[in-house]
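The values are calculated or read from the model by the stated rules, or taken from the named source; none is laboratory data. As the structure is a prediction and not an experimental result, all values here were calculated from the model. All Cβ positions, glycine included, derive from the backbone under ideal geometry; neighbour counts span all protein chains shown.
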Amino acid sequence: MKHFYPILNNLSLNFLTFMSILFLSSLLINFEGPSYAHNFLSKNTSQAEIELIQSNLGHQPQSFIQCFKRVKDLLTLNPGYSEFHKSPVTHLLEKAIPATISVTLPSFIIGIFLALLIAILTCYDYRLPNKLVDLITSLVNSLSCITLIVLAQIFFCTKTGLGFFPVQGWNIYNFLSYLQYASVPIFILSTNLGCYYAPLFQAALIKEKDSLHTMTLRAMGCSRTRIIIVYNLKKCLVPILSHITRSFPYYVLGGNLIIENYFNIPGLGLLAYQSCIAGDDKTLLAIIGIISFCYLSLQSITTIAIKIIDPRIQTN
Amino acid sequence: MNSKSPNLFPTTLIIMIAFYLILTLSVRFNFMAQDWNQITANQYASCSLTYPLGTNFNGQNILSRVLQSLTNSLDHALAVTFFCCLIASLLAFLVGLRKKKRLYQLTIFLSNTLDTIPIYLLIFCYYQAIRLDPHKLYYIIIAVFWTHPFKSLVNQVLTVASHNDILAAKHIGCSNFRILYKYILPKMYLPLLAEANLVFISTLKLETSLSFIGIYNDKTINLGKMLAEAVGDLLYEKYNNLIASSFALTLLIYSLTLLKNIFETIRKKKA
């Protein structure tokens, strides 16, 4: 029972956070956010004109009751109908989520493996490769995602470079076409993620490498590879797991806004951007709801998983 | 982690700050880059003494545009960082020194809520306000980014506030302000600088990304907008714009990362 209460406490706190996220987003969207009515307005429109257009379109005036209604609709899994896309929001999400996951999930897995590989390699104390790895990771981290995207596109997709892949688009009908269209976005995302996480994982592993129990294992004649992979990595599981679960929903479900926009991938990032520009507030709120729900659920699962991995950690 | 020698600290810091200060001041006082929005030459003019980096599609000087963009980005990031750190440190000192559990829980809850929503989605929620007044973009960035320095600083303040010297000062009747000024602030400036650096980098990256996709102040220029222009130039196989803007952005972020590493090294050494 003593383990049950902290978990319940954590779950209830996460539920409260979820509710406040929905209400905050709904409030912002309602009073300051994009609205379909704004597509029919010029820059210096008066409040009376806005209200007239909203009433012509059948929109309710901005109010707190409207915010509550939106949150209630979302909680009852009825996000409504998108006027811009002329389709129910649930159908839009059903189409966007697979496209996003098919790019971001492989890149997330590859990125994490790349980061772990870099971190493990640097634990071997070879001076030159370590310096090289340090230089590459800091350079890639300093490169903005946009620069990386443009450079990768020039190198892989244009005639100036290799020209192996299409410049942009998403026309998937079999695995080969998937590889054709998704390879470059996956490469960019995984490189970015790998180089971002490598220093974090490296720091956790190096801390373990200098610990007493590692020295004891080394004195007992254990090989370095065995020590790093079997003992040190297991010890670092808690920070690594918390890093991974923290970014998982953002990367996998949130998609990458820039990547999806640039490569024209019809995922959640592109849908969110189009909804923002076109004033499709219902879709935007639904996307926020999904991502926040996944983030908070994963956080709860991680808390329980960490408790199982290391029972000494206080869950509350 | 990159571990740079702390001996590098004064030299690197002075060179970097001097470089960016001279650059910003020169642009702000109109010594350089005044012609960033003027059409002064032919389309895609090649590099020359007058146009060291050539011109863009509209015949505008790329070097002037890069310098103006860098200055604008630095100005915005500096303002956002200042206000974020101010809010974070005030709240952290208030929560850490007063030790009010409810206030602590409330601020942590608020920061967790703000952290859970991806920042770009929150900005989209506020899109209409930004469209009418582009400066409102920075209000929302400040409203979200104070959480990161706050979480770090509040832990630091709580740790420092439980030290023996501070407990002793409290017992002999020192006021909270005196404790803050005399004992806590000297121990907080390095963590604060490190956090400020992180906020600075995040703001730069976020502003660039948002400008790249088209959410920007259309009266000024920044690096994201330049990169978006550079993508258009690729169709004509012209790379000057891309190289100049990418290099400027990378150099700026790299130097800030270097600075962050120096702060961390000193912090670890002191700890």
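Please work out if B:GLY214 is within 11 Å of another protein chain (Cβ to nearest Cβ), touching a helix residue (DSSP H, G or I) at 6+ places or on another chain (Cβ under 7 Å) and not β-branched (Val, Ile, Thr).
No: the conditions fail for B:GLY214.
Could you identify the single residue in A:LYS207, A:LYS235 that is farther than 21 Å from A:VAL133 by Cα, modelled with pLDDT under 85, more than 16 Å from the chain's Cα centre (by Cα) and not β-branched (Val, Ile, Thr)?
After ruling out the rest, the residue left standing is A:LYS235.
What is the residue count in the stretch B:151-178 for residues that are surrounded by 15 or more Cβ atoms within 10 Å (Cβ to Cβ) and either among the small types (Gly, Ala, Ser) or closer than 24 Å to B:ALA194 by Cα (or both)?
11
Determine if the stretch B:235-256 includes at least one residue that is facing chain A (nearest Cβ under 9 Å), among the β-branched types (Val, Ile, Thr) and under 18 Å from the mean Cα position of the chain (by Cα).
yes
Could you pull out the residue among B:VAL144, B:VAL154, B:VAL80 that is under 19 Å from B:TYR189 (Cβ atoms), in contact with a helix residue (DSSP H, G or I) (Cβ under 9 Å, 6 or more places away or on another chain) and of a type in the set (Val, Ile, Thr)?
B:VAL154
Residue-wise test of (1) away from chain B (no Cβ under 11 Å); (2) touching a strand residue (DSSP E or B) at 6+ places or on another chain (Cβ under 7 Å); (3) crowded, with 16+ Cβ neighbours inside 10 Å; (4) not hydroxyl-bearing (Ser, Thr, Tyr).
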site	(1), (2), (3), (4)
A:SER142	no, no, yes, no
A:LEU162	yes, no, no, yes
A:ILE172	yes, no, yes, yes
A:LEU176	yes, no, no, yes
A:TYR181	yes, no, yes, no
A:PHE187	yes, no, yes, yes
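Which condition does B:THR203 not pass, out of (1) within 12 Å of chain A (Cβ to nearest Cβ); (2) under 30 Å from B:VAL160 (Cα atoms), if it passes all the others?
With (1) within 12 Å of chain A (Cβ to nearest Cβ); (2) under 30 Å from B:VAL160 (Cα atoms) applied to B:THR203, the lone miss is (1).
Helices (runs of 4 or more DSSP H) wholly in the stretch B:112-190 with at least 1 residues that are in contact (Cβ under 8 Å) with a residue 24 or more places away in the chain and under 21 Å from B:LYS270 (Cα atoms) - which ones? First the steps, then the outcome.
Numbers: elements: B:119-125, B:127-132, B:136-145, B:147-161, B:164-171, B:176-179.
Of the helices (runs of 4 or more DSSP H) lying wholly inside the stretch B:112-190, those with at least 1 residues that are in contact (Cβ under 8 Å) with a residue 24 or more places away in the chain and under 21 Å from B:LYS270 (Cα atoms) span B:147-161, B:176-179.
Tell me, please, whether a residue that is among the hydrophobic types (A, V, I, L, M, F, W, C) and within 14 Å of another protein chain (Cβ to nearest Cβ) can be found in the stretch B:156-166.
Looking through the stretch B:156-166, none of the residues is among the hydrophobic types (A, V, I, L, M, F, W, C) and within 14 Å of another protein chain (Cβ to nearest Cβ).
Looking at the stretch B:92-105, can you tell me whether even one residue there is of a type outside the set (S, T, N, Q), farther than 29 Å from A:LEU268 by Cβ, touching a Gly at 6+ places or on another chain (Cβ under 8 Å) and not in a loop (DSSP other than H, G, I, E, B)?
So the first thing to find is which residues in the stretch B:92-105 are of a type outside the set (S, T, N, Q), and the list is B:92-104.
With the extra rule that they be farther than 29 Å from A:LEU268 by Cβ, the set shrinks to B:92-104.
Okay, now just the ones that are also touching a Gly at 6+ places or on another chain (Cβ under 8 Å), so none.
Checked against the condition, which is being of a type outside the set (S, T, N, Q), farther than 29 Å from A:LEU268 by Cβ, touching a Gly at 6+ places or on another chain (Cβ under 8 Å) and not in a loop (DSSP other than H, G, I, E, B), the stretch B:92-105 yields no hits at all.
So in the stretch B:90-108, with the set limited to residues that are without any contact (Cβ under 8 Å) to a residue 24 or more places away in the chain and of a type in the set (D, E, K, R), which one is farthest from B:LEU153 (Cα to Cα)?
B:ARG102
Report whether or not A:THR214 is touching a helix residue (DSSP H, G or I) at 6+ places or on another chain (Cβ under 7 Å), more than 10 Å from chain B (Cβ to nearest Cβ) and either crowded, with 23+ Cβ neighbours inside 10 Å or within 27 Å of A:ASN14 (Cα to Cα) (or both).
No: the conditions fail for A:THR214.
Among the residues of the stretch A:98-137, count how many are surrounded by fewer than 20 Cβ atoms within 10 Å (Cβ to Cβ), among the polar types (S, T, N, Q) and closer than 30 Å to A:ARG224 by Cβ.
Matching residues across the stretch A:98-137 total 1.
So which residues in the stretch B:220-242 are touching a residue at least 24 places away in the same chain (Cβ under 8 Å), assigned to a helix (DSSP H, G or I) and either surrounded by fewer than 21 Cβ atoms within 10 Å (Cβ to Cβ) or touching an Asp or Glu at 6+ places or on another chain (Cβ under 9 Å) (or both), if there are any at all?
B:LEU223, B:LYS225, B:GLU229, B:GLY232, B:ASP233, B:TYR236, B:ASN240, B:ASN241 - these are the residues of the stretch B:220-242 that are touching a residue at least 24 places away in the same chain (Cβ under 8 Å), assigned to a helix (DSSP H, G or I) and either surrounded by fewer than 21 Cβ atoms within 10 Å (Cβ to Cβ) or touching an Asp or Glu at 6+ places or on another chain (Cβ under 9 Å) (or both).
Out of all the residues in the stretch A:247-257, is one or more buried (at least 20 other Cβ atoms within 10 Å of the Cβ), free of Cβ contacts under 8 Å to residues at least 24 places away in the same chain and within 14 Å of another protein chain (Cβ to nearest Cβ)?
Yes, that holds for at least one residue.
Just to be sure before I move on: is B:ILE130 buried (at least 19 other Cβ atoms within 10 Å of the Cβ), among the aliphatic types (A, V, I, L, M) and within 13 Å of chain A (Cβ to nearest Cβ) in the structure I sent?
It is true that B:ILE130 is buried (at least 19 other Cβ atoms within 10 Å of the Cβ), among the aliphatic types (A, V, I, L, M) and within 13 Å of chain A (Cβ to nearest Cβ).
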